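See below for the structure under consideration.
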Amino acid sequence: MGARDSREAAVHWFVRMHADDVSEATRREHDAWRSEDEDNREQYRVVEHALEQLSGLEDWMRIQSAEMNRRVMARQVRHNKGWVAGLAAAAAIVAAVAYWISLDPEIAYKTGRAEQREIALDDGSRIHLNAASEVIVRYTSTLREVELVRGEGVFDVGRVQNRPFVTKAADTDVVAVGTQFRVRLDGDVVVTVLEGTVGVSTGGRPDEDTANRSILVRPNTAILNANDQVTVESNGDITDIETVDAFAATAWREGKLIFDGTPLREVIDEIARHSPVEIIVSDDVPDHPITGLIHIRSTDAMLRFVSSAVPVTPVRTSAEVIVLHVSPAT
């Protein structure tokens with residue numbers, strides 16, 4: 001069994017062992033599984049440690065679920081490769097974020113193209129907002145919610161007991177307690193963890209016609225640690241967890257863009273966020289891969305790097321538009 005399979009099995013056992021109706025037979029099976037392999041025991045310890053960082057939400061969830069009991073629908077959780085559905089501790093998270101109590105007042109923060117902004121929140125958390133991005137902050141005494149409306153942000157979360165920090169992007173909820181992570185909304189939602197542990201969940205909205213049921217468990221949930229990344233696709237599916245260089249993915253905070261075999265059009269889309277003018281790639285230009293580090297500075301300087309890396313020529317068609325064409329043959 002590989003490390004990933006062993007980790008998934010450990011999470012599966014964590015769910016079973018934290019159920020309200022765990023039987024003696026289940027306990028014996030769990031003991032046997034742990035006795036099979038040292039890796040099983042180690043992975044179970046890792047899972048326990050990761051979920052302990054989120055366990056502060058459990059009491060808060062019980063209070064909220066009691067208040068919402070008449071309106072919430074129970075869902076059967078499921079498993080899938082690369083992510084974990086319906087963890088016992090994650091159930092607390094996703095139940096808590098499925099419904100919002102009064103969330104006033106709300107404050108919106110925006111950045112334009114070629115603009116970044118750092119926002120200090122009243123709980124000690126900070127948001128580093130990338131260019132062309134927008135968030136809405138809704139804080140109450142029991143819940144800290146930030147909605148990413150568009151763009152990208154890095155969230156440095158202050159630890160506050162029994163007051164979860166939830167970042168929403170489209171139909172995705174990212175729950176963190178004292179950690180640092182990045183969320184990008186561009187059709188799909190990409191979540192990358194720099195430090196600590198977060199829960200990412202999606203899907204399964206409540207049925208308003210269903211009454212007298214227990215708490216809602218959103219069907220898809222993944223637990224991410226440092227340098228883990230998942231993409232939540234527009235259909236709600238969560239991709240396999242992949243390992244990335246999280247600080248490279250957020251190098252824009254340091255005025256840098258790092259690419260590794262990235263298609264030209266993706267590179268240009270990123271450069272355009274940091275440019276006051278529109279940049280268009282002509283249809284006949286191949287999507288060349290680009291590898292390298294670009295310093296965020298003037299549009300002309302950034303495009304000179306691109307032109308040195310692949311055979312394209314920037315042509316300014318107006319004060320507001322630059323078009324990349326195939327370079328003439330020499």
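Every read-out reported here was derived from the displayed coordinates using simple, explicitly stated rules and does not represent laboratory data. Here the structure is a predicted model, which means the values were calculated and not measured. For neighbour counting, all protein chains shown are included, and Cβ atoms are generated from backbone atoms with ideal geometry for every residue, glycine included.
What distance in nm lies between label points placed 7 Å from Cα along the C-beta direction at Ile136 and Val321?
Rounded to a tenth, the inter-label distance reads 3.3 nm.
Of the peptides 125-138, 173-186, 23-36, 144-157, how do they stack up when ordered by the mean number of other Cβ atoms within 10 Å, highest first?
The densest-packed peptide leads the list: 173-186, 144-157, 125-138, 23-36.
At R0 = 30 Å, how high is the FRET efficiency between Val46 and Asp123 if r is their beta carbon distance? Nearest 0.05 is fine.
0.55
Name the residues whose placed amide hydrogens come within less than 5 Å of the amide hydrogen of Val177, ignoring near sequence neighbours (fewer than 5 apart) on the same chain.
It is Thr197, by chain and number.
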